[in-house]
Amino acid sequence: MTKLEDIQNVCLRRGIVFPTAEIYPNISGFFDYGTIGTLIKRKLIEYWREFFVKNENNIVEIDGSTVLPENVFKASGHLKGFVDPITQCKKCKSIYRADHLIEEKTKKFVEGKSEKELTSIIKKEKIRCPKCNGELGNVRIFNLMLKTEISPIGGQTAYLRPETAQNIFTSFQRVFRTARLKLPCGIAQIGHSFRNEISPRHFLVRVREFNQMEIEWFFDPEDDKCPEFDKIKDKEIIILTREAQMKNKKEIKITAEKAVKRKILPNKWMAYFLVKEFEFYKSLGIPEHALRFRHMLLEETPHYSKGNFDLEIKFDFGWKETIGNSFRTDYDLRNHMKYSKQDLTIRTDDGKKIIPNVIEPSFGVERTLAAVLLYNFKDEKERGWAWFKFPVKIAPYISAIFPLVNKDKLPEKARKVFEKLKGKFDVFYDESGSIGRRYARADEIGIPFAVTIDYQTLEDNTVTIRNRDTKKQIRIPIDDLKEFFERILFI
Ligand code: GAP
């Protein structure tokens, strides 16, 4: 069993994340979040907002509909270009992503090849159905968008959005005007996206419904000055260049400034976002050696992009893109102008009429969570129970509250402490079982602190606080608890 599979089982047992509608026959690629999972997901999103929106200049948020009319995807190119090649077994009818199957069997990289080429590789390499060894059919193209019909009598085709980005482009003019934005500026959006993935797998890594946290960063194509660049120019990131991939070489560690000077990165804005992303993921407990930015090869670059530097994370099954960083240029706005016949240009301060260029960092919440679970998981060897070392910002609860024993007025006192804290912080009350077992239960869901009310509390109103990671305890007055947790959470 891989570590990620082990973690998936832990999540199931502790009700963190589990398959959707699991009491019915399985539909793969959909997951529900339980109590702990919901708290962690919300906190991750809020932490992202703090990091990429609230603490930045010139960026606003929107929250758009998940259902969009067909014309949007004609303009964006998704109707034609958002496709995967599939092949079906003639005997058992199983369906496979043709390029992935070929890559698995031959170790050759075939992304971007035509249906005809993939069919001939399958024949030449004698690739058969992995399940029943049956013959595989000709490769054909399959659109990944989930289609729906609007109105009771139908006739109006719409799609569940495959990316949150399109709401930002279609509402760009209105948001730009009403939020009184000026270039350079960003519009961010967090929300659900849907893709009819052919083979969902690796727990939360490839699913059919997921959440994205996206920023469309608009700037003047003739002026890509980045006022924030000085703050990050000396910070280092790890990049796997196109050249390195073609020559089988390793990643390089390089400062943002050098990466722009040597034209490894297309501009300072791209460099700025990559540095921020590197810092963000490190702060989530993902080690540097498991992070890299890969310059996508030409043949795998999305149809809308002039270059992608995707943040990849090393999972136990291999490297996987977790943020798509795309240089979308004016592709989307230009096409929406063409299809909608609306003017989406804006005027710069010096009166120029332009279509802005766009850098797009597109984060996946589920893939980020999968990586956070993987790298913060501690197996049973060390403590006798498996636990999570979640960073405080995204831990489901900041603290557990326990009475030392379940008698002698300690539970009543502990409840009072709980009541005092719960409006302001996510705290968790537990009085069942031994105190040792309760510490273990708190560790198991990654609670960073445990406050214990003991006999001394009844005398001097102080409590102990146990640190999950060091297991060390300190004693502080109940009256100081609020400030203690505020300091820990920087609020
Ligand atoms: N707007 C650009 C865009 O959607 P993408 O590279 O297709 O770009 C961005 O997706 C991110 O969304 C990915 O890096 C990943 O984290 C997440 N994502 C995409 N498909 C996913 C899937 N099937 N399951 C889970 N996350 C997915």
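Of the numbered conditions (1) within 16 Å of the ligand (Cβ to nearest atom); (2) free of Cβ contacts under 8 Å to residues at least 40 places away in the same chain, ILE252 satisfies every one except a single condition; which is it?
(1)
Right, ASN325: under 19 Å from GLU56 (Cβ atoms) and either surrounded by fewer than 21 Cβ atoms within 10 Å (Cβ to Cβ) or within 15 Å of the ligand (Cβ to nearest atom) (or both) or not?
Details: under 19 Å from GLU56 (Cβ atoms): yes; either surrounded by fewer than 21 Cβ atoms within 10 Å (Cβ to Cβ) or within 15 Å of the ligand (Cβ to nearest atom) (or both): yes.
The answer is yes for ASN325.
Report every pair of residues separated by at least 6 positions or lying on different chains whose Cβ atoms are under 8 Å apart, first residue within the stretch 217-242 and small (Gly, Ala, Ser), second in a helix (DSSP H, G or I).
Once the first residue is small (Gly, Ala, Ser) and sits in the stretch 217-242, no partner that is in a helix (DSSP H, G or I) comes close enough.
In the stretch 373-388, what residues are over 19 Å from the mean Cα position of the chain (by Cα) and surrounded by 14 or more Cβ atoms within 10 Å (Cβ to Cβ)?
So in the stretch 373-388, the residues over 19 Å from the mean Cα position of the chain (by Cα) come out as 378-387.
Scanning the stretch 373-388 gives LYS378, ARG383, TRP385, ALA386, TRP387.
Residue check, ILE398 against (1) more than 16 Å from the ligand (Cβ to nearest atom); (2) closer than 30 Å to GLU5 by Cβ; (3) free of Cβ contacts under 8 Å to residues at least 40 places away in the same chain, all met but one. Which one?
It is condition (3) that ILE398 fails.
Looking at the structure I just gave you, is SER171 under 25 Å from the mean Cα position of the chain (by Cα), away from the ligand (no atom under 14 Å from the Cβ) and among the polar types (S, T, N, Q)? Talk me through it step by step, then tell me what you get.
On the way: under 25 Å from the mean Cα position of the chain (by Cα): yes; away from the ligand (no atom under 14 Å from the Cβ): yes; among the polar types (S, T, N, Q): yes.
For SER171, the condition - under 25 Å from the mean Cα position of the chain (by Cα), away from the ligand (no atom under 14 Å from the Cβ) and among the polar types (S, T, N, Q) - is met.
May I ask you to say which residue of ASN335, ASN308 is more than 12 Å from the ligand (Cβ to nearest atom), of a type in the set (S, T, N, Q) and either within 17 Å of the chain's Cα centre (by Cα) or assigned by TED's automatic domain parsing to the domain that holds ILE238 (or both)? If you could, list the steps in order and put the result at the bottom.
Details: ASN308 fails: more than 12 Å from the ligand (Cβ to nearest atom).
Unique residue meeting the criteria: ASN335.
In the stretch 201-226, what count of residues is obtained for those that are within 20 Å of ALA370 (Cα to Cα) and either near the ligand (Cβ under 7 Å from one of its atoms) or charged (D, E, K, R) (or both)? Show your work before the answer.
From the stretch 201-226, those within 20 Å of ALA370 (Cα to Cα) are 201-214; that's our starting set.
Checking which are either near the ligand (Cβ under 7 Å from one of its atoms) or charged (D, E, K, R) (or both) leaves us with 201, 204-210, 212, 214.
The qualifying residues number 10.
For the stretch 287-344, give me the residue count where each residue is in contact with a strand residue (DSSP E or B) (Cβ under 6 Å, 6 or more places away or on another chain), in a loop (DSSP other than H, G, I, E, B) and in contact (Cβ under 8 Å) with a residue 60 or more places away in the chain.
Counting residues in the stretch 287-344 that are in contact with a strand residue (DSSP E or B) (Cβ under 6 Å, 6 or more places away or on another chain), in a loop (DSSP other than H, G, I, E, B) and in contact (Cβ under 8 Å) with a residue 60 or more places away in the chain gives 2.
Consider the stretch 141-168. How many of its residues are surrounded by 11 or more Cβ atoms within 10 Å (Cβ to Cβ) and over 28 Å from the mean Cα position of the chain (by Cα)? If you could, list the steps in order and put the result at the bottom.
Taking the stretch 141-168 as the starting set, the residues that turn out to be surrounded by 11 or more Cβ atoms within 10 Å (Cβ to Cβ) are 141-150, 156-168.
Narrowing further to those that are over 28 Å from the mean Cα position of the chain (by Cα): 149-150, 156-157.
The total comes to 4.
Condition check: over 23 Å from GLY37 (Cβ atoms), within 16 Å of the ligand (Cβ to nearest atom) and out of contact with any Leu (no Cβ under 6 Å at 6 or more places or on another chain). Does PHE363 satisfy that? Reasoning before the result, please.
Numbers: over 23 Å from GLY37 (Cβ atoms): no; within 16 Å of the ligand (Cβ to nearest atom): yes; out of contact with any Leu (no Cβ under 6 Å at 6 or more places or on another chain): yes.
No; evaluated as a whole, the condition is false for this residue.
Can you tell me how many residues in the stretch 32-87 are of a type outside the set (S, T, N, Q), over 23 Å from ILE359 (Cα atoms) and assigned to a helix (DSSP H, G or I)?
Number of matching residues: 8.
I want to confirm something. Restricting to the stretch 346-360 and keeping residues that are more than 15 Å from the ligand (Cβ to nearest atom) and touching a residue at least 12 places away in the same chain (Cβ under 8 Å), which single residue is surrounded by the fewest Cβ atoms within 10 Å (Cβ to Cβ)?
Going residue by residue through the stretch 346-360, those that are more than 15 Å from the ligand (Cβ to nearest atom) are 346-357.
Going one step further and asking which of them are touching a residue at least 12 places away in the same chain (Cβ under 8 Å), we end up with 346, 348-349, 352, 354-357.
Details: ILE346: 20, THR348: 14, ASP349: 8, LYS352: 12, ILE354: 18, ILE355: 21, PRO356: 22, ASN357: 25.
Checking each candidate, the answer is ASP349.
Quick check on the stretch 1-30: of everything there that is out of contact with any helix residue (DSSP H, G or I) (no Cβ under 8 Å at 6 or more places or on another chain), part of a loop (DSSP other than H, G, I, E, B) and touching a residue at least 40 places away in the same chain (Cβ under 8 Å), which residue is nearest to ILE447 (Cα to Cα)?
It comes out as THR2.
Select from the stretch 181-200 the residues that are among the hydrophobic types (A, V, I, L, M, F, W, C) and within 15 Å of the ligand (Cβ to nearest atom) and write down the one among them that is farthest from SER362 (Cα to Cα). Don't jump to the end; show me each part of the working.
Just the residues of the stretch 181-200 that are among the hydrophobic types (A, V, I, L, M, F, W, C), to begin with: 181, 183, 185, 187-188, 190, 194, 198.
If we keep only those that are within 15 Å of the ligand (Cβ to nearest atom) as well, we get 187-188, 190, 194, 198.
On the way: ILE187: 12, ALA188: 10, ILE190: 10, PHE194: 14, ILE198: 21 Å.
Restricting to residues being among the hydrophobic types (A, V, I, L, M, F, W, C) and within 15 Å of the ligand (Cβ to nearest atom), the top hit is ILE198.
Residues are listed down the side, and each one gets a yes or a no for (1) surrounded by fewer than 15 Cβ atoms within 10 Å (Cβ to Cβ); (2) under 20 Å from the mean Cα position of the chain (by Cα); (3) hydroxyl-bearing (Ser, Thr, Tyr); (4) in the same structural domain as ILE264 (by TED's automatic domain parsing):
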| residue | (1), (2), (3), (4) |
| --- | --- |
| ARG195 | no, yes, no, yes |
| HIS202 | no, yes, no, yes |
| CYS226 | no, no, no, yes |
| LYS231 | yes, no, no, yes |
| ILE238 | no, yes, no, yes |
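The values are calculated or read from the model by the stated rules, or taken from the named source; none is laboratory data. Values in this document were obtained by computation on a predicted structure and should not be read as measured data. All Cβ positions, glycine included, derive from the backbone under ideal geometry; neighbour counts span all protein chains shown.
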